[in-house]
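What follows is a set of notes on a single structure, which appears directly below.
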Amino acid sequence: MTASGLGVGYATGGGERLEVAGEVDLILRAGRTTALVGESGCGKSITAAALGGLLPRGMNRDRGEIRWAGGGARGPGKGLAYVFQDPGECLDPVFTIGNQIRESLPKEDRGRARERMVDLLRTVGFDDPERVLASYPHQLSGGMQQRAMLAMALAGRPRVLVADEPTTALDVTVQAKILRLLADLQRKADLAVLLITHNLAVVAEIADEIHVMYAGRIVESGPVEFLKNPRHPYVQGLLKALPRLDGAARLEGIEGSVPPLGRRPPGCRFHPRCALARAVCAEQMPTWTACGPGHRVACWACAEGGWA
Amino acid sequence: MSDPLLTVEGLRVVYRVPGRRTVEAVRGISFDVRRGRCLGVVGESGSGKSSLARAVLGLEERVDGRIVFDGENVLRMSRTEMQAFRRRAQMVFQDPMGSLNPRLKAGAALAEVRRVHGLAKTRREAAAQAADWLGTVGLDAAYANRFPHELSGGQRQRVNLARALCVGAEFLIADEPVSALDVSVQAQILNLLKSLQETRGITWMLIGHDLAVMRQMADEVLVMKEGQVVERGPVDNVLSHPTHPYTKELLSAAPGVRRALDRRAAERAV
C-alpha cells in the first residue's frame with residue numbers, strides 16, 4: 001500500500017481549512033513494520049485513521065492518494081485492520097470474546113467459524129482457546145484482551161495491520177510480550193504493519209522503517225537504525241529527553257511544548273523550539289534532504305549549504 | 001547521613017470487596033525515607049504501590065502498622081495535627097487535568113489552598129502571593145490568569161506542584177507524575193522535581209513503573225510485587241545487580257532505544 005502526499009483537513013466554523021496532517025508519504029510493504037512516531041497532536045493517529053476512512057466528523061482526507069498493489073481502493077475490513085490502545089474500551093463488555101470474533105469473520109469462514117476462531121486464538125498465543133472464546137472481556141487481563149483484539153483484527157485476513165499505540169496501556173513485561181507477538185505475526189502472515197506510537201523504544205524494538213512526525217508533518221524518515229544517529233534537531237532532542245538506565249545525571253528536555261492545531265508556526269514548525277533555527281526556518285517550510293540510503297530529513301540546517 | 005522524615009513499619013492496607021472476602025493490597029511493608037532524599041517505588045499495575053502511597057498520606061481507611069512522620073504517628077493524629085500533616089505532606093497525581101478544578105484559574109487555585117490553610121487572610125493577599133509561587137515552578141506570573149484548559153499538560157503539572165509548595169509542603173508523593181506527558185515535556189518536569197529536591201530540600205517518594213526514570217531520579221528504590229517488597233536498596237545497586245527474579249524480569253523488559261537496536265543488529269549478524 002502506498003500513500004503519497006496525504007493531507008487531512010479540518011473545516012473550521014468560518015469555512016477555513018486547518019491542516020491536521022500534510023504531505024505524508026508512506027509505503028507499507030508485506031512483511032515489514034513501518035512506524036509513525038510523534039508526540040501528542042502531531043497527526044500520527046489521524047494519518048492512520050485517514051488510511052482506512054475512519055476520520056472523525058469534520059475531518060477529511062482532501063489531499064494525496066492511496067494505492068494498493070494489485071489495484072483498487074479498499075476500506076477498513078477490506079485489506080486493512082486496526083488495533084487500538086485500550087483493549088478494554090474496544091471490546092464490548094456484554095458479549096463473549098467468541099461472539100465478538102465471530103462478527104469479524106468474513107462470509108466464507110462463517111461455515112467453520114469455531115475452528116477458525118480457535119485457530120486465530122492459537123495464532124495470538126492462547127493455549128486454551130476454548131476457554132477464551134467463552135470468556136467475557138472483564139475475565140481477561142489487559143494483555144489477554146489485546147491478544148483477543150489482535151485475533152479479531154486478523155479474522156478478516158488483512159494485508160495491512162494498523163496498530164495504534166498497541167502496548168501503551170499495558171505493563172512493561174506484558175508490553176514486551178505483545179511486541180514480540182506483533183513481530184511474529186507480521187513475519188508469519190506476511191502482513192504489512194503500520195505502528196503508531198509516541199514511544200521510541202517500542203519503535204526500536206520492532207520497526208523496520210520509521211517516520212517521525214512533528215506538528216502535522218514528517219520531519220525525518222528512514223531505516224530504524226538512523227535512531228542511532230538522527231539528523232533532525234527535534235529527533236535528537238527527543239532521544240536526549242528519554243531517561244536511560246545507564247543515564248546521565250540530568251535529562252535534556254526540549255524547551256516549550258508542541259503547538260496546538262491552529263497555532264502552528266509558519267516555516268519549519270519546530271523552529272520556535274530549535275536551538276539551530278535561523279531566519280530562513282521561520283519563513284519557509286524545509287524541503288527534503290537525502291542523508292543516507294532511504295534516509296531523509298526536512299531541516300534547513302541539514303540541507304546542502306546548511307549549518308548543522 | 002540524615003535522619004528519616006518518614007518511617008513506615010509493617011504497613012498493611014486491606015480493601016473489602018463487596019460480595020467477596022477482603023483483599024490485602026499492601027502486605028506488611030517497612031521502609032523509611034530520609035530527609036531531602038527521593039525514594040522510588042517500582043511495580044506493575046496491581047502491585048499495591050498506589051495503595052501504599054495513599055496509606056502513607058492517611059487517605060486509606062483500613063490500615064494496619066505504624067506510619068511515623070517527623071516523630072508523629074499519622075494513624076493516631078488529632079484533627080488539628082492531621083490538618084498540619086496534610087499541609088506538609090502532599091500528593092502529585094498522574095493526570096494533571098483531573099487534579100485541578102477546571103473552574104479555577106491557576107492563581108485562584110493557589111490562593112484557595114493558602115486561604116484554607118490560613119496562610120493568607122484575604123483573597124487579594126493570597127492572589128498577590130500566587131504569582132511568586134508560580135515563579136518557583138518556572139511559570140511566568142501571567143499564567144495566574146489561565147484556566148487549566150488553557151495550559152499544556154506540563155504547565156498543569158507545574159501548577160499542581162506550585163499548589164503543593166505554596167502551603168509549605170516538605171514531603172511529596174508523586175504517583176506517575178510524568179506518565180501522561182509527552183517525552184520532551186517529561187524531561188522538563190523530572191528536572192524540575194530534581195531541582196526542588198536540591199534547592200528546597202524537598203523529601204519525596206516517586207511511584208512508577210519506569211526503571212529508567214527511577215535511575216534518573218531516585219536515591220533508593222523499593223521493588224513491589226503483589227503487595228510486598230521483593231527487593232530494595234540504592235538505585236544504582238538494584239539496577240546494576242538485581243537479585244530477585246522479578247527485578248531481573250522488569251529490567252530485561254525495560255524499553256531502551258539503543259539497547260533494542262544493538263540487540264537486533266546482533267540477531268541479524270547470527
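Only the coordinates and a few stated rules stand behind these numbers; no lab work does. On a predicted model such as this, the values are computed, not experimentally measured, just so you know. Heads up, the Cβs are rebuilt from the backbone with ideal geometry, glycines too, and the neighbour counts pull from every protein chain shown.
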Using only the Cα atoms of the range A:62-201, what do you get for the radius of gyration and for Dmax, in Å? 15.0, 47
Other-chain or far-sequence residues with amide H under 5 Å of residue B:202's (modelled H): B:197
One would report the Cα pair-distance distribution of the protein assembly as shown, bin width 10 Å, in %, as 3, 15, 24, 25, 20, 10, 2, 0
If the only charges are +1 at each Lys and Arg Cβ and -1 at each Asp and Glu Cβ, what is the size of the charge dipole of the range B:4-269 around the Cα centre, to the nearest 20 debye? 560
R0 = 56 Å: FRET efficiency of residue A:16 with residue A:134, Cβ-based, nearest 0.05? 0.60
With a ≥ b ≥ c from the Cα gyration tensor eigenvalues, square-rooted, and the rule rounded for a/c under 1.5, otherwise prolate when a/b > b/c and oblate otherwise, the range B:75-204 is oblate
Take the Cβ-Cβ distance between residue A:27 and residue B:14 as r, set R0 to 41 Å, and report the resulting FRET efficiency rounded to the nearest 0.05. 0.15
Around residue B:264: net Lys/Arg minus Asp/Glu count, Cβ-Cβ under 15 Å: +1
On C-alpha positions alone, give me the angle between the axis of helix A:113-123 and the longest principal axis of chain A, in degrees, nearest 10. 50
For the range B:163-226, report the convex hull volume of the alpha-carbon atoms normalised per residue, in Å³, without decimals. 104
Cross-link list A:44/A:240; A:228/B:225; A:44/A:107: which exceed 24 angstrom alpha carbon to alpha carbon? A:228/B:225; A:44/A:107
Compute the acute angle (0 to 90°) between the alpha-carbon long axis of helix A:142-154 and the principal axis of greatest extent of the alpha-carbon atoms of chain A; round to the nearest 10°. 90
Compute the label zone of residue A:40 within the range B:41-77: residues whose backbone N is under 20 Å from the point 7 Å along Cα-to-Cβ. none
Relative to the longest principal Cα axis of chain B, at what angle does helix B:257-269 sit, 0 to 90 degrees, rounded to 10? 20
Size of the range A:229-308 along its principal axes in angstrom, Cα-based, largest extent first? 38, 35, 21
Just report the Cα centroid separation between the range B:199-270 and the range B:66-120, whole Å. 30
Between residue A:122 and residue A:280, with labels modelled 7 Å along Cα→Cβ, what's the label distance in nm to one decimal, could you check? 6.0
Distant-in-sequence amide H partners of residue B:224 (H built 1.01 Å from N, under 5 Å): B:42, B:43, B:230
Express the C-alpha Rg of the range B:128-176 as a ratio against the empirical globular expectation 2.2 N^0.38 Å, rounded to two decimals. 1.11
Area projected by the alpha carbon convex hull of the range B:4-269, averaged over all directions, nm²: 16.8
So if I place +1 on the C-beta of Lys and Arg and -1 on the C-beta of Asp and Glu, and nothing else carries charge, what would the dipole magnitude of chain A be about its Cα centre? I want it in debye, nearest 20. 420
In terms of modelled amide H atoms, which long-range or inter-chain residues lie less than 5 Å from the amide H of residue B:5? B:33, B:34, B:35
What does the charge count near residue A:167 come to, summing +1 for each Lys or Arg and -1 for each Asp or Glu among other residues with Cβ under 12 Å from its Cβ? -2
Note, residue B:15: beta-carbon cut-off 15 Å, +1 each Lys/Arg, -1 each Asp/Glu, net +3
